[in-house]
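Working notes, beginning with the structure itself.
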Amino acid sequence: MVKLSVIVPFYNVQTYAPDTLRSLRANARDDFEFILVDDCATDGTPEILERAERDLPGAVYVRHEQNGGLATARNTGLDAARGEYLTFLDGDDWLAPGYYEQLLASIEELDCDFVRTDHVQCTGRARSIHRVPHGRRGVVMNPRDAILPADRSTSVDYAFAWAGIYHRRLLDQGLLHFTHGLRTAEDRPWIWKLHREAGSFAVVGLLGVFYRRGVASSLTQIGDVRQLDFIRAFDQVIEETARDRDADTLLPKAVRTYCAIISHHLGNIERFEPTVARKLRSMSAAALKRMPQDVLKEALDSMDHERAARLRRLKRRAGTEVAA
């Protein structure tokens with residue numbers, strides 16, 4: 001029986017994949033499987049993964065015939081997974097030796113649906129610890145209780161799928177798959193759904209995932225149209241949360257977060273290609289118009305002046321253009 005399935009998508013990461021695979025080897029166990037999903041890479045990544053299938057204990061190599069993006073690649077891994085527990089890793093990140101054994105022990109001891117962990121962010125040679133924004137550690141809780149308050153960073157804002165471990169019953173309940181085709185912000189609807197619909201979770205102070213930032217091929221570094229998928233992702237968060245039994249309580253958090261992300265992208269608009277920048281403005285304005293207007297007003301009133309002013313200007317400009 002497979003105890004743990006680790007789903008690892010790879011796309012054009014030939015420089016980093018060997019480090020990732022070495023760290024998986026340092027975490028191998030007879031009852032662990034590593035599902036290596038090649039998302040139709042065009043560099044030397046496929047050859048590296050083909051060798052890993054032979055040399056890495058528990059490796060299962062799956063190749064996409066066309067590139068589908070991170071969400072789709074993770075879904076491919078979920079469909080192939082046989083483990084009682086599941087977790088994720090990105091193909092350019094790496095692990096501390098023996099980390100997965102500790103992670104598995106934590107969820108078995110706590111006996112909950114999912115466990116969230118801290119991680120180490122790596123930018124060049126710099127290292128910084130990033131913690132789950134949730135104060136209670138090692139205590140099983142209802143994940144719905146960790147969504148609020150609206151004006152502070154909470155567990156739904158820490159959306160890294162690889163920073164945790166998940167019981168298979170969540171997969172059977174349809175809570176672990178990602179929205180097909182999302183190219184960025186794919187973790188956002190996913191983490192909100194988990195917190196709204198799973199039965200129990202806990203946070204543990206376990207460090208072992210090393211998250212590599214500043215990779216040139218990462219979508220967070222590329223200002224092309226794929227970055228605008230965050231709008232589709234947050235539209236989904238708003239739509240699904242609006243149908244929740246506690247919509248009146250939870251929607252202010254969802255809307256405020258959406259506004260903060262829009263303002264962040266508008267504040268860094270120079271990194272986008274000119275046509276994408278224009279599209280960002282128009283799509284963001286349309287998104288503001290779609291939001292519940294009373295909740296949007298409260299969200300803007302609660303934000304700092306600079307971010308709120310940026311969004312109000314966009315909203316006014318869009319209204320003027322429509323009137324004209």
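A short reminder: the numbers here are calculations on the coordinates, not readings from a lab. Remember, predicted model here, so these are calculated numbers, not experimental data. In this analysis, Cβ positions are derived from the backbone assuming ideal geometry, glycine residues included, and neighbour counts consider all displayed protein chains.
A straight Cα-to-Cα reach below 25 Å connects Lys279 with the lysines Lys289, Lys297, Lys315, residues fewer than 8 places away in its own chain not being considered.
Are there trypsin sites (Lys or Arg not before Pro) in the range 224-324 that DSSP marks as loop and that have at most 12 other Cβ atoms within 10 Å, and which are they? Show your work: numbers first, answer last.
Values: sites: Arg226, Arg232, Arg243, Arg245, Lys253, Arg256, Arg271, Arg278, Lys279, Arg281, Lys289, Arg290, Lys297, Arg307, Arg310, Arg312, Arg313, Lys315, Arg316, Arg317; in loops: Arg243, Arg245.
Of the trypsin sites (Lys or Arg not before Pro), the ones in loops of the range 224-324 whose Cβ has at most 12 other Cβ atoms within 10 Å are Arg243, Arg245.
The GNM of the chain, with springs linking C-alpha atoms under 10 angstrom apart, assigns the highest mean-square fluctuation among Ala163, Ala247, Ala81 to Ala247. Tell me the angle of helix 229-242 to the major Cα principal axis of the chain, expressed in degrees between 0 and 90 and rounded to the nearest ten. Roughly 80 degrees between the two axes. Across Gly267, Gly138, Gly91, mean-square fluctuation computed from a Gaussian network of the chain (C-alpha pairs under 10 Å connected) peaks at Gly267.
May I ask you to derive the relative contact order of the chain, considering only C-alpha pairs under 8 Å and at least 6 residues apart, and to give it as an integer percent? It would help to have the intermediate numbers written out before the result.
Numbers: 586 pairs, mean separation 54.1, N = 324.
Dividing the mean separation by the residue count of the chain yields 17 percent.
Can you tell me the orientation of helix 247-267 relative to the chain, as the angle in degrees between its alpha-carbon axis and the longest Cα principal axis, to the nearest 10? Rounded to the nearest ten degrees, it is 90.
Using DSSP to call loops (not H, G, I, E or B), can you name the GluC sites (Glu not before Pro) in the range 64-125 whose Cβ has at most 14 other Cβ atoms within 10 angstrom?
Details: sites: Glu65, Glu84, Glu101, Glu108, Glu109; in loops: Glu65, Glu84.
Within the range 64-125, the qualifying GluC sites (Glu not before Pro) (loop, at most 14 other Cβ atoms within 10 Å) are Glu65.
For Ser263, Ser5, the sequence from fewest to most other C-beta atoms within 10 Å is Ser263, Ser5. Among Arg168, Arg63, Arg152, the largest mean-square fluctuation in a Gaussian network model of the chain, built with springs joining Cα atoms closer than 10 Å, belongs to Arg152.
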